[in-house]
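The values are calculated or read from the model by the stated rules, or taken from the named source; none is laboratory data. Worth saying up front: this structure is predicted, and the values here are computed from it rather than measured. For neighbour counting, all protein chains shown are included, and Cβ atoms are generated from backbone atoms with ideal geometry for every residue, glycine included.
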Amino acid sequence: MTDTNSILPIEDRVRIAYQEARRRPNAPWQALDGAWKRLGGALHSYNVMMNSDLSDRRQAERVKENAYETAEAFFNYVLNMDPGQFHTLTPMSKAPSLSPEQRAAHWVDTLMRKGIILEVVRPAKLVISPASQLKQQDRDAIVPLKKEIMAEVERRKDAWTL
């Protein structure tokens, strides 16, 4: 990355560093793409947190800043790395774990596809009906994600309430 890029916003610097590192001959593309996907996951978490009335906005901003700084440092590290050392960057052996917000979005999608209705009743109730369509393992997975599921349902709500 050139010195002229230092005046760019961090989003652009990270994208440029990723692209330049990816263009290197014999680049460790699996490690680079894994870091790019982790950045995408963190930014998704940021967006969910910002669109939720249940989250702390300062914490969301910290998540975003940390994700960009970590990604930029890694991509610049690979850019400046000796190509003979690329083998030391092992690709991820498994996909990165989903954030609670991503798991909540998955549950909302899954339940809605089954025809299950999700409704948020204030102050802190989540109504899922018909309950007869839920298995016990579904219930066990949903309970710890209650706040995130409520935030996702509210985010997706397409209604005007007077």
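Couple of notes before you dig in:
- Members of region 96-109 found to be without any contact (Cβ under 8 Å) to a residue 24 or more places away in the chain and either exposed (fewer than 13 other Cβ atoms within 10 Å of the Cβ) or charged (D, E, K, R) (or both), listed by number: S97, D109
- Qualifying residue in region 23-40 (condition: under 21 Å from E101 (Cβ atoms) and among the polar types (S, T, N, Q)): no
- Lone qualifier among R13, R62, R58, R23 - being loosely packed, with under 15 Cβ neighbours inside 10 Å and either over 18 Å from the mean Cα position of the chain (by Cα) or more than 30 Å from K157 (Cα to Cα) (or both): R23
- Any hit, region 40-48, residues being among the β-branched types (V, I, T), within 13 Å of the chain's Cα centre (by Cα) and either buried (at least 19 other Cβ atoms within 10 Å of the Cβ) or modelled with pLDDT of 85 or more (or both): yes
- Comparison of V127, V120 shows that the only residue that is closer than 23 Å to R57 by Cα, outside any helix (DSSP H, G or I) and free of Cβ contacts under 8 Å to residues at least 40 places away in the same chain is V120.
- Condition met for A71 (part of a helix (DSSP H, G or I), touching a Lys or Arg at 6+ places or on another chain (Cβ under 8 Å), at pLDDT 90 or above and surrounded by 13 or more Cβ atoms within 10 Å (Cβ to Cβ)): yes
- Residues that are in a loop (DSSP other than H, G, I, E, B) and either under 22 Å from E61 (Cβ atoms) or at pLDDT 85 or above (or both) within region 1-25 comprise L8, P9, R24, P25, listed in sequence order.
- Residue in region 97-111 that is at pLDDT below 85, part of a loop (DSSP other than H, G, I, E, B) and hydroxyl-bearing (S, T, Y) present: yes
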